[in-house]
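First up is the structure itself, then whatever we jot down about it.
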Amino acid sequence: MSGQIYDLIIIGGGPGGYVAAIRASQLGFKCVVVEERATLGGVCLNEGCIPSKALLDSSEHFAMARDKFASHGILIDPPRLDLATMLARKEEVVRKNTDGIAFLFRKNGIELVTGRGRLAVKDGELQVVSIAGDDGVRLLHGKRVLLATGSRAVELPMLPFDGEVVVSAREALSFPVVPEHLVVIGAGYIGLELGSVWRRLGAQVTVVETLAKPLPSMDGQAADTLVRSLKKQGVKFLMETRLTAGRREGDRMVLSLEGPAGSSELSADRVLVAVGRRPLTEGVGLEEAGVLLDDGGRIRVDADYMTTVPGVYAIGDLVPGPMLAHKASEEGVVFAERLAGEGSMVEYDYLPGVCYTWPEAASVGKTEEQLKRDGVEYAVGKFAFLASGRARCMDETDGFVKLLADKGSGRILGVHIVGPRGSELIAEGVTAMTFGATAEDLAMTFHAHPTLAEAIKEAAMAAVGKAIHA
């Protein structure tokens, strides 16, 4: 064996892998990243978080111009949709972000190899990664390997993806025309977000969900409020309804359903299957290397993110926990710092989740359902955006802030937001909980007036019996 020996070989250039590479490089490790795509950023940047938010923002602007400008005294001709330009803007947003990561790689001296990487037979004490690329197969040698290959959309056996009529989120970000009728299978974050995009742009949207409520991990009151708002926008929900079969009829798909009212059929020109994601563990050489999975198909890791094979590590969607980009990035940082001997750790209890519909839904910590189940005595403080001066100015009064605090200590146990810019507001709840703040602490903290953030202060005041505007 000859050539470069790396301190760290990373398979996967998504939000976990590329962040781990940058932080490890800053700490003095010689890193190389193996990425199958032509661009860095993984699913999140190329076909997930970033392009979906670009379309969500563009479609929201379109809906505002169509439905709300007149109430603000702004009179315009009915807006016309230029979908090609909207999609081109989305691609430009993605390109600028991927270019930014490529710049950071050059700045930090990180080598990038394009190709599909997998664990190979060790060479003495060194880990070996084989890379299949356009130029054939090459081998990389290093002291350690970090697996950060991410996840992929789950496919339904009775409704396989065809990339045209039955699609995953990737294709749903690039429909060349607005669907006449989009059926979304699965009322999770991805399904509701993309359903919102196409509903705003004029599609009929029907969401089919087997459970009684969408977003099962969300606070029940918050989920109910979000669904009511989406229904007002014209999204139809078929809850407790199971897909049993699908058949292609020309350029449409006919779905067979079983619901509370019995059997029915639904015809659609586009079907988005958004029933979840599964870790990308196939083709990485895990079994051959002896890397073990848990019962849920995730890679087993210890506190340092080392797998059952010494020298092989894993983060992100491959390991237990929510499949969120910010979780993967945080794990990437902590992995690198622990590799350098630092005592860093991920505060999983304060991991926020956001559904980027409009209104947005965001949460951190425990839900009321969880606290009741665990027998925890708690106080509730709630403030409706209908009473927020700033929200009224914006004409965005749907939703509320709910704060849950321990009955004895007052420590904040959960924050749940449905409303305008909830994705931004939740950061205050995350920060407060991370530092062990009480509801009294937030109630005593200055919040500029008029702002949306005042709703958090008001909810905290309500939780300690000092509500002013309730």
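Quickly rank 176-189, 66-79 as a protection proxy: mean count of other C-beta atoms within 10 Å, highest first.
Numbers: 176-189: 20.4, 66-79: 10.1.
Those peptides, ordered most packed to least, come out 176-189, 66-79.
Using all alpha carbons of region 223-305, what is the percent of pairwise distances in each 5 Å bin, ordered from the shortest bin to the longest?
3, 10, 13, 13, 13, 10, 10, 12, 10, 5, 1
Helix-derived [θ] at 222 nm for the chain: sum -39500 (n - 2.57) over DSSP H runs of at least 4, divide by residue count, nearest 500?
Details: 14 runs with 148 residues, N = 470.
It lands at -9500 deg cm²/dmol.
Hey, in the chain, which Cys have no second cysteine's beta-carbon closer than 4.7 Å?
For the chain, the answer is C31, C355, C393, because their Cβ atoms have no other cysteine Cβ under 4.7 Å.
What number does region 61-219 give for Rg over Rh if you use C-alpha atoms and the Kirkwood radius?
On the way: Rg = 22.3 Å, Rh = 20.3 Å.
Rg divided by Rh gives 1.10.
For region 166-275, with equal point scatterers placed on the C-alpha atoms only and solvent neglected, what are the log10 I(q)/I(0) values from the Debye formula at q = 0.09, 0.19 1/Å, to two decimals?
Listed by q, the Debye log ratios stand at -0.21, -0.95.
Which percentage, to the nearest 5, of the DSSP beta bridges contained in region 166-275 is antiparallel?
Working: 14 of 28 bridges.
The antiparallel fraction comes to roughly 50 percent.
Post the alpha-carbon centroid distance, region 227-259 to region 365-386, in whole angstrom.
32
Per residue Cα convex hull volume for the chain, in cubic angstrom? Show your work: numbers first, answer last.
Details: hull volume 82.7 nm³, N = 470.
Convex hull of Cα atoms, per residue: 176 Å³.
Could you work out the Rg to Rh ratio of region 359-463, with Rh taken as the Kirkwood radius (inverse of the mean 1/r over all Cα pairs)? Intermediate values should be presented prior to the final figure.
Numbers: Rg = 12.8 Å, Rh = 13.4 Å.
A ratio of 0.96.
When each pair of different Cα atoms in region 3-101 is counted once in the 1/r mean, what is the Kirkwood radius in angstroms, to one decimal? Before the final figure, lay out the partial values.
Numbers: mean 1/r = 0.0620 Å⁻¹.
Mean inverse Cα-Cα distance, inverted, gives 16.1 Å.
Got a sec? How would T225, T114 order by Cβ neighbour count within 10 Å, fewest to most?
In increasing order of surrounding Cβ atoms, one gets T114, T225.
Ordered by packing density, taken as the mean number of other Cβ atoms within 10 Å over each peptide's residues, highest first, how do 41-47, 448-454 rank? It would help to have the intermediate numbers written out before the result.
On the way: 41-47: 23.6, 448-454: 15.7.
In decreasing order of mean packing, 41-47, 448-454 become 41-47, 448-454.
With Kirkwood's inverse mean 1/r over C-alpha pairs for Rh, give me the Rg to Rh ratio of region 85-166, two decimals please.
Working: Rg = 18.2 Å, Rh = 16.6 Å.
Radius of gyration relative to Kirkwood radius: 1.09.
So how do 91-101, 350-360, 320-330, 143-153 stack up, highest first, on mean other-Cβ count within 10 Å?
Numbers: 91-101: 15.2, 350-360: 21.0, 320-330: 19.2, 143-153: 24.5.
Top to bottom by mean Cβ count within 10 Å: 143-153, 350-360, 320-330, 91-101.
Every number in this text was worked out from the coordinates using simple rules, so none of it is lab data. Every value quoted in this text rests on a predicted model; they were computed, and no experiment measured them. Every residue, glycine among them, receives a Cβ derived from its backbone with ideal geometry; neighbour counts consider all protein chains shown.
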